[in-house]
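As structure tokens, the structure follows; a few thoughts come after it.
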Amino acid sequence: MIDVLDKTNVFPHPGSLQENATFAAWALEEWKTKREGKQPIVHILNSPSKHLPGPYSIIGPSSMAMISLPVLSPDAYESIASDLEKLDPAAALLPGTDQTVVVGYAAQLKVLAAGVRSNNTSWLQFPNNGGSGGLIFNMHPLSRGYVNINISSPNSEPVVDYRALTNPIDLRIDVELFRGVRRFFSSKGEIQKLTPVELAPGSSVQSDEDLAAWVETALGPSAFHPVGTAAKAPLEHGGVVGEDLIVHGIKRLSIVDASIFPLLVAATTQSTVYAVAEKVSGCFWSHDLLLFEFESRLLMRIHRHRPPI
Ligand SMILES: Cc1cc2nc3c(=O)[nH]c(=O)nc-3n(C[C@H](O)[C@H](O)[C@H](O)COP(=O)(O)OP(=O)(O)OC[C@H]3O[C@@H](n4cnc5c(N)ncnc54)[C@H](O)[C@@H]3O)c2cc1C
């Protein structure tokens, strides 16, 4: 994730709730009067929908560009895909990584190389909210990090290392994502009405090498979407849970959260966690047990009453 841009605010924008008393009063009234009923929780700020519960229901951007590499980077995507196919997967992972994880990662790189060439795989997420600011999200980072127990202090926080940019192709892709966004905001047409200004790295930075050096300093590694620490994949591919989300080798332990995604989706992850949870929502109470079912199979059995200590 990289922040690059300033531009003229349009009205309304998120700051309007603080800056404009009339707008804030209208927004509050919308929220109070329309939040009941079957309205969706999140709306586009300036949507003409009559069901809008208003700006108070909005926490993030009001629009999002999701763009594939062939569209964003027509001259570079093919060479990126073929370099990805030639990459030694073990060399991009932490030395000593279990062989099953290397095999799973090799399978992932194959899928991702196809994604680089596909117009149906969004690689850039570029959110907008009518205000200034422009964040570039790489939706499919190729580098792999880890979460480990701190062995010298097992009860303290785990040790987390995103190992961002350890797969060298990530840096190339980030440069291409940046170039695509720069091209769009410097193009002629309607977008110039927002008087976009490049805040970073600045128009003097042009070469691939200089852009890459800047990305290395500007990158926020997590982009808020860490996944995959308990990946849904076969054991021989380094997976932790199977298709039924039950942990390999353990009969009554299942995992239902973002850690089961083997790869990042080209979408935000909270809604995707909701989708996984909905799939696992065959949940009902018996008189003393909470039973979670998944497609008619028992996933988890929790006793409501703790045994006396
Ligand atoms: C700043 C930020 C912005 C984001 N923006 C968006 C967005 O706009 N849209 C989107 O879709 N996603 C967004 N995400 C991502 C999304 O929030 C996560 O992907 C999602 O919450 C992951 O769900 P989860 O259930 O796997 O984990 P979490 O939501 O992190 O849930 C884990 C839970 O476990 C609890 N817990 C931890 N340790 C213990 C313990 N030892 N015992 C008991 N409980 C424990 C925690 O308190 C927490 O409630 C954002 C994330 C961040 C950090």
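Per-structure values
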| quantity | calculated |
| --- | --- |
| Segment residue 206-residue 279, extension gain: residue separation times 0.36 nm, minus the distance between their alpha carbons | 21.6 nm |
| Computed log₁₀ I(q)/I(0) - Debye formula, equal Cα scatterers, no solvent, segment 98-215, q 0.17, 0.18, 0.21, 0.22 Å⁻¹ | -1.01, -1.07, -1.25, -1.31 |
| Whole-Hz ³J(HN,Hα) from phi, Karplus 6.51 cos²θ - 1.76 cosθ + 1.60, for segment 221-232, glycine and proline x | x, 7, 6, 6, 10, x, 9, x, 6, 9, 4, 7 |
| Given 32/193; 251/279; 110/251, the pairs whose alpha carbons are separated by over 27 Å | 32/193; 110/251 |
| Amide H within-cut-off set for residue 248, under 5 Å, with H built and near neighbours excluded | 241, 242 |
| Neighbourhood charge, 10 Å Cβ-Cβ cut-off, centred on residue 143 and excluding it, Lys, Arg +1 and Asp, Glu -1 | +1 |
| Vicinal HN-Hα couplings computed from phi for segment 252-268 (Karplus, 6.51 cos²θ - 1.76 cosθ + 1.60; Hz; Gly/Pro x) | 10, 10, 10, 10, 10, 6, 5, 5, 7, 5, x, 9, 6, 7, 7, 6, 6 |
| Hz values of 3J(HN,Hα) by residue in segment 141-149 - Karplus curve (6.51, -1.76, 1.60), Gly and Pro given as x | x, 9, 6, 10, x, 8, 10, 10, 5 |
| Order of 73, 118, 204, 82 - criterion: other Cβ atoms within 10 Å of each residue's Cβ, fewest first | 204, 82, 118, 73 |
| Per-residue Cβ neighbour rank within 10 angstrom, fewest leading, 146, 274, 105 | 274, 146, 105 |
| Three-way shape label, segment 151-276, alpha-carbon gyration tensor, a/c 1.5 | prolate |
| Rounded, prolate or oblate (a/c below 1.5 giving rounded, otherwise prolate when a/b exceeds b/c) for segment 123-175 by Cα gyration tensor | oblate |
| Segment 197-275: trypsin sites (Lys or Arg not before Pro) falling in loop per DSSP and having at most 11 other Cβ within 10 Å | 251, 252 |
| Fully extended contour minus Cα-Cα distance, from residue 192 to residue 153, at 0.36 nm per residue | 8.6 nm |
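We did not get these values from a lab; they are worked out from the coordinates using the rules stated. Because the structure is predicted, anything quoted here is derived from the model rather than measured. Glycine gets a Cβ as well: all are built from the backbone with ideal geometry, and neighbour counts include every protein chain shown.
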